[in-house]
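The values are calculated or read from the model by the stated rules, or taken from the named source; none is laboratory data. All values reported here derive from a predicted model rather than from experimental measurement. Quick reminder, even Gly has a Cβ in these numbers, built from the backbone with ideal geometry, and neighbours come from all protein chains shown.
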Amino acid sequence: MTIALCFHHVSPTGGVHSNTPQQFRDHLQALRRRGFAFVDFDTFARARTQGRSLGRRTVLVTTDDGYVDNWYWAYPVLRDMGVPAVFFVISSFVGSGDVRGAPTDQGAIAALAGDANQFRFVRWNELQQMQSHGLVSVQSHTHTHVDARRICSEPGGEARLRSELLRSREVITQHLGRPPRALAWPWGSSSAAARRLAADCGLDLQFSVTPGRMATWSSSQTMGRICADNRDSRWLLRQAGIAAAPLFGELYTAARWSWTSTKQALAR
């Protein structure tokens, strides 16, 4: 019964969808002190495939989008603490070029908030270096960050989504040598048709941003995550404790998923 965390930016500037490097470190340290253990993606994926439980207090750390600040500030924290993580990247946004060193002045830090994708997002060589060190697994966040639920409701939408997902798998495999098998849906938006299609494309482990935990009996296509952007460690420990509770955690997860599904259906 694993808990997954979701982060976006990790940057000294902080922000609504961000944590400072110290906040990020504090989150991981607080969970470790509370008895939670971190799991790498390959171990997690094998357990899901085999229907095995990794324990009530097992945590999978994930980040979405593939921002360069994950390379600059999140990865050094992960490396220093020996915490594995999954980076869900938007494959068309990942840049090319040499591996960059950490920014050394406030101007470089401020530039991360700019609109130039070639600077805002991580590069393939940086992902390759993190992957080669064994801590980071690179998985799909689609190719162009599409709303799968909306696309599937349009004429010809399923074919478009299939092309989007296959392209993401192809590009990640081409650059990193390992095909992704996990997908984080942008905005957590999906539908039953989209989830079946993604599984057919080889992306059988699928994540949303609905809080909760993953039990051995639950679907691998509707796995939730606790989004910890701009939150303090007390809040995160409270959420993790709720999700990990033996019985209440199951009820909480089911209730949150039902609420999210109903809300998305009404929004169509």
Task: Some residue of segment 69-87 being out of contact with any Phe, Trp or Tyr (no Cβ under 7 Å at 6 or more places or on another chain), among the hydrophobic types (A, V, I, L, M, F, W, C) and surrounded by fewer than 23 Cβ atoms within 10 Å (Cβ to Cβ) - done: yes
TODO: Please list, ordered by first then second residue, the pairs with beta carbon atoms under 9 Å, 6 or more apart or interchain, first in segment 52-73 and closer than 11 Å to ALA85 by Cβ and touching a residue at least 40 places away in the same chain (Cβ under 8 Å), second among the hydroxyl-bearing types (Ser, Thr, Tyr) and crowded, with 21+ Cβ neighbours inside 10 Å.
DONE: VAL59/THR2; LEU60/THR2; ASN70/THR63
Task: Filter result (at pLDDT 95 or above, in a loop (DSSP other than H, G, I, E, B) and hydroxyl-bearing (Ser, Thr, Tyr)) within segment 115-159 - done: THR142, THR144
- [ ] State the number of residues belonging to segment 186-204 that are crowded, with 17+ Cβ neighbours inside 10 Å and under 23 Å from ALA255 (Cβ atoms).
- [x] 6
- [ ] Please indicate, with yes or no, whether at least one residue in segment 197-220 is closer than 23 Å to SER53 by Cα, modelled with pLDDT of 85 or more and part of a helix (DSSP H, G or I).
- [x] yes
Task: Filter result (assigned to a helix (DSSP H, G or I) and either surrounded by 20 or more Cβ atoms within 10 Å (Cβ to Cβ) or on the phi > 0 side of the Ramachandran plot (or both)) within segment 160-185 - done: LEU161, GLU164, LEU165, SER168, ARG169, ILE172
Open item on the list: Of everything in segment 155-173, what is out of contact with any helix residue (DSSP H, G or I) (no Cβ under 6 Å at 6 or more places or on another chain), closer than 23 Å to ARG46 by Cα and not charged (D, E, K, R)? Give them in sequence order.
Closed with: LEU166, SER168, ILE172, THR173
